[in-house]
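The values are calculated or read from the model by the stated rules, or taken from the named source; none is laboratory data. Since this is a predicted model, take the numbers as computed values, not measurements. As a convention, Cβ positions derive from the backbone with ideal geometry for all residues, glycine included, and neighbour counts pool all protein chains shown. For accessibility, only protein heavy atoms count, side chains too; no ligands or nucleic acids. Shrake-Rupley method; radii C 1.70, N 1.55, O 1.52, S 1.80 Å.
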Amino acid sequence: HLSLRRQRQMCIRDRIIINQLKKSDLSLLFNLNLELNHSSVENLKKVCYEIPVLISFDWKNWDKGIKAFNEKNFKNHPPIFFFKMLTFIIRRDRVWGNFIYSCLKQGIIQQIISEIENNFMNNEKNKD
């Protein structure tokens, strides 16, 4: 009973976060130049904090996200997943250093941003 209630609360919280992000200027994120260099890393962090797309959650114990990250599985997830993944990467970079750069090199950040853009563009089309 309590776990169902907790899950329902998390779904409501996630919907609120997504609705707030829809009102943000995500074009700053979509238009980033993500070449493989350290200025791209700094620009990504700056934009993620400015919009802000980073969300508060227990990223260190996010088993679903860690599993998806390790498997490079970035398809068929709800919109909140991708913002959590960006948060996970940026927070982990503070602990491990050069983690964002490594994710850029592997194309992971580009995939995540592409999924966010596809998700939000599809939602905008469905409104019309």
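For residues that are within 20 Å of residue 107 (Cα to Cα) and out of contact with any helix residue (DSSP H, G or I) (no Cβ under 9 Å at 6 or more places or on another chain), scanning just the stretch 56-76, find the one that is surrounded by the most Cβ atoms within 10 Å (Cβ to Cβ).
67
Mind listing just one residue for me: the one in the stretch 30-52 that is in contact with a Ser or Thr (Cβ under 9 Å, 6 or more places away or on another chain) and without any contact (Cβ under 8 Å) to a residue 40 or more places away in the chain and, of those, least open to solvent (accessible area, probe 1.4 Å)?
51
Please verify whether residue 76 is out of contact with any Ser or Thr (no Cβ under 8 Å at 6 or more places or on another chain), of a type in the set (S, T, N, Q) and outside any helix (DSSP H, G or I), treating the condition exactly as stated. Before you say what the answer is, go through the steps one by one.
On the way: out of contact with any Ser or Thr (no Cβ under 8 Å at 6 or more places or on another chain): yes; of a type in the set (S, T, N, Q): yes; outside any helix (DSSP H, G or I): yes.
So residue 76 passes the test.
Of all residues in the stretch 77-103, how many are touching a Phe, Trp or Tyr at 6+ places or on another chain (Cβ under 8 Å), modelled with pLDDT of 90 or more and open to solvent by 10 Å² or more (accessible area, probe 1.4 Å)?
4
Read through the list (1) of a type outside the set (Val, Ile, Thr); (2) free of Cβ contacts under 8 Å to residues at least 60 places away in the same chain; (3) in a helix (DSSP H, G or I); (4) open to solvent by less than 70 Å² (accessible area, probe 1.4 Å), then give the number of the only condition that residue 111 fails.
With respect to (1) of a type outside the set (Val, Ile, Thr); (2) free of Cβ contacts under 8 Å to residues at least 60 places away in the same chain; (3) in a helix (DSSP H, G or I); (4) open to solvent by less than 70 Å² (accessible area, probe 1.4 Å), residue 111 is out only on (4).
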